[in-house]
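Notes for the one structure printed next.
The values are calculated or read from the model by the stated rules, or taken from the named source; none is laboratory data. Keep in mind it's a predicted model, so treat the numbers as computed, not measured. Cβ atoms come from the backbone with ideal geometry, glycine included; neighbour counts cover every protein chain shown.
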Amino acid sequence: MLLEMTRATQAGLRQERQYEIISNHLANSGTTGFKKDILTFDQAMKATLTTDHSSGDIQLTGNKLDLALSGKGFFKIETPNGLRYTRNGNFSLNTQGQIVTGKGDLVQGDAGPITVPGSDVFINEAGEVFSDGEQVDNLSMADFDSYALLKKDEANNYRYEGNAQDEKPAQDVKVFQGGLEAANLSVVTEMTKMIESHRMYETISKMMRTIDELDGEANGIGSAD
């Protein structure tokens with residue numbers, strides 16, 4: 001019975017982890033630039049969590065400092081914890097006229113933080129930033145040959161755990177002004193997965209109770225003899 005109980009316990013733990021991931025997806029379904037995670041297991045049942053970096057839909061906002069990326073690449077932002085990469089283009093201007101994130105982190109251009117001196121801002125597909133008709137900088141957009149070392153720092157920010165030299169300018173990307181990238185998941189799909197995961201967990205729990213009861217009966221018979 002020990003082997004059966006061990007297998008059932010492992011299966012229950014896998015479903016529990018899957019349920020946590022789905023719950024996180026649903027909690028971040030409205031988070032700009034959020035990327036869903038994929039849980040897999042090898043033959044030894046070792047879990048691996050990878051991030052699906054496919055693009056989400058672009059939702060129009062009309063805000064000139066809302067930017068979305070189409071294609072591969074990330075905005076670069078300077079945070080108190082260092083350089084981070086993001087697909088969340090929900091930007092604004094601080095009191096110094098610098099483009100910042102919702103948390104006040106500085107959005108990086110080719111010359112460092114981007115300052116918009118005029119009253120109007122236009123950013124084209126190439127990421128060139130114009131203020132009152134004059135170009136003031138270019139958005140610094142990065143990419144990597146492999147995303148394996150990009151780790152989630154927050155729901156929609158990433159840190160790179162490899163060599164800084166691995167970073168390269170994003171080539172196959174376009175900037176869309178006046179829109180934001182939605183999370184790359186379907187709420188309906190995630191809800192369906194949650195229901196399936198919950199049902200599977202209940203089935204495994206019943207199986208574990210049955211194994212425990214049979215084991216108890218077997219022990220009782222042995223004691224009676």
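Here are 92, 119, 140: which of them is farther than 28 Å from residue 165 by Cα, polar (S, T, N, Q) and surrounded by 14 or more Cβ atoms within 10 Å (Cβ to Cβ)?
None of the other options fit; the residue is 92.
With the condition being over 19 Å from residue 170 (Cα atoms) and among the small types (Gly, Ala, Ser), I'd like the strands (runs of 3 or more DSSP E) fully within region 58-118 carrying at least 2 qualifying residues.
Answer list for region 58-118: none.
Test of understanding: among 183, 126, 155, which residue is modelled with pLDDT of 95 or more and under 20 Å from the mean Cα position of the chain (by Cα)?
Exactly one of 183, 126, 155 is modelled with pLDDT of 95 or more and under 20 Å from the mean Cα position of the chain (by Cα), namely 183.
Taking interchain pairs and intrachain pairs at least six residues apart, which have beta carbon atoms under 6 angstrom, with the first residue in region 47-64 and farther than 28 Å from residue 19 by Cα and the second modelled with pLDDT under 95 and part of a strand (DSSP E or B)?
Pairs found: none.
Kindly establish whether residue 23 is surrounded by fewer than 14 Cβ atoms within 10 Å (Cβ to Cβ) and either under 26 Å from residue 143 (Cβ atoms) or not assigned by TED's automatic domain parsing to the domain that holds residue 139 (or both).
yes
Does at least one position in region 45-56 carry a residue that is modelled with pLDDT under 95 and out of contact with any Leu (no Cβ under 9 Å at 6 or more places or on another chain)?
yes
Determine whether residue 86 is at negative phi and surrounded by 13 or more Cβ atoms within 10 Å (Cβ to Cβ).
yes
Since residue 204 meets every condition but one in (1) at pLDDT 95 or above; (2) in the same structural domain as residue 21 (by TED's automatic domain parsing), which condition does it not meet?
So residue 204 meets the others, but not (1).
Of the residues that make up region 160-175, is at least one under 22 Å from residue 28 (Cβ atoms) and buried (at least 18 other Cβ atoms within 10 Å of the Cβ)?
yes
Among the numbered conditions (1) within 22 Å of residue 100 (Cβ to Cβ); (2) under 20 Å from the mean Cα position of the chain (by Cα), tell me where residue 136 comes up short.
(2)
Looking only at region 142-174, count how many residues are in contact with a strand residue (DSSP E or B) (Cβ under 6 Å, 6 or more places away or on another chain), hydrophobic (A, V, I, L, M, F, W, C) and closer than 15 Å to residue 77 by Cβ.
Qualifying residue count for the region: 3.
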